[in-house]
Amino acid sequence: MDVRPFQETDRAALRELFGRAGADSPTESLWGHLDSEAAVYLDPYMDLEPESLFVAEDDGQLIGYLAGCVNTRAFPSESERMEQAFRRYRSIFLSRSALFFARATFDTMAAKIRRTPAAEDFTDQRWPAHLHINIAPAGRGTGAADAMMDLWFTRLRAIDSPGCHLQTLVENTRAVKFFERMGFRAHGPEPLVPGVRYQGQKVRQRTMVREF
Ligand SMILES: CC(C)(COP(=O)(O)OP(=O)(O)OC[C@H]1O[C@@H](n2cnc3c(N)ncnc32)[C@H](O)[C@@H]1OP(=O)(O)O)[C@@H](O)C(=O)NCCC(=O)NCCS
């Protein structure tokens, strides 16, 4: 197993890995349309900040990746990226992913009526960096995730970053334990994530932060 910075020649393999790296986890699939999910959660990291992207490979096959961003405020927000993906893939969204968006609209309206907060973009200059990490099932528990985090933390220390945040789900217990072991702690409210279900239940967003 080897971990290293992303190279442009990894692009196709990384897109393929993106489709299977979340398997059996609460974030396995969001709205069920891979190209638009990648347009939000992977492509901008390859296009805009490849120097903060790391991969793990085993026997020549990619098994995991960590997509980082050193300054969240200077990066298109998750809402902006979702809006762009929505415009680009509008027709597919309307058919294949209609159930997800109907549920998301319903959840958002219900939260407003009950005056409970819904998940939103997070920016805070105490923890300006953020990351996403995904390891395919065969690579979990092997140390690949730890090794990629080491590369990411080394990069953040090299640029004197004060801190990093991430957003996961309360229900993603394996990920939460892993991030705690990596020095992150829970921060702020844990709002409902509109539209997303895990084992038939609504899920809550957990923001986690770590200083350097
Ligand atoms: C989250 C992830 C990067 C962690 O990497 P990992 O190699 O699995 O990490 P670990 O092996 O250290 O497992 C983390 C913890 O969960 C525990 N664990 C192992 N199997 C588990 C399981 N099936 N369910 C719950 N916890 C489990 C481990 O014992 C470990 O706990 P410890 O720190 O107390 O020993 C990886 O599991 C992953 O990519 N999962 C799928 C995608 C995902 O959830 N990404 C994060 C989205 S925010």
- Item | Nearest-20 debye value, the chain charge dipole, Cβ charges on Lys, Arg, Asp, Glu | 1000
- Item | Sequence-distant residues sharing a close amide H with THR123 (under 5 Å, placed H) | none
- Query: HN-Hα J couplings of region 57-66 from phi, Karplus 6.51/-1.76/1.60, θ = phi - 60°, integer Hz, Gly and Pro as x?
  - Reply: 9, 10, 6, x, 10, 5, 10, x, 8, 10
- Mind listing the long-range amide H neighbours of ARG206? Cut-off is under 5 Å, sequence gap 5 or more, other chains count too, H placed in the peptide plane at 1.01 Å from N. THR168, LEU169, VAL170
- Message: I'd like to compare 173-181, 145-153: which one has the highest average count of other Cβ atoms within 10 Å, and what's the full order after that?
- Response: 145-153, 173-181
- Query: Can you run phi through the Karplus equation (6.51, -1.76, 1.60; θ = phi - 60°) for region 204-212 and list ³J(HN,Hα) in whole Hz, with x for Gly and Pro?
  - Reply: 10, 7, 10, 8, 10, 9, 8, 8, 10
- Message: What distance in nm lies between label points placed 7 Å from Cα along the C-beta direction at LYS177 and ARG4?
- Response: 3.2
- Between GLU120 and ALA138, with labels modelled 7 Å along Cα→Cβ, what's the label distance in nm to one decimal, could you check? 4.4
- Potential extension, ARG87-GLN201 segment - 0.36 nm per residue separation minus Cα distance: 38.2 nm
- Scoring the chain by relative contact order with C-alpha pairs under 8 Å, at least six apart, yields a percentage of 24
- Item | Assigned charges on the beta-carbon of Lys, Arg, Asp, Glu; region 134-212 dipole about Cα centre (debye) | 260
- Query: Looking at the P(r) of the chain, how many percent of alpha-carbon pairs lie beyond 24 Å?
  - Reply: 41
- Would you pull out the residues with amide H under 5 Å of PHE6's amide H, same chain only if 5 or more places away, H placed 1.01 Å from N? LEU53, PHE54, VAL55
- Just name one of GLN199, ALA158, ALA175: the one whose Cα is farthest towards the positive end of the charge dipole of region 158-212 (beta-carbon charges, Lys/Arg +1, Asp/Glu -1). GLN199
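Readers should treat all values here as calculations from the given coordinates under stated rules, not as data from a laboratory. Because the structure is predicted, anything quoted here is derived from the model rather than measured. Glycine also receives a Cβ, built like all others from the backbone with ideal geometry; neighbour counts cover every protein chain displayed.
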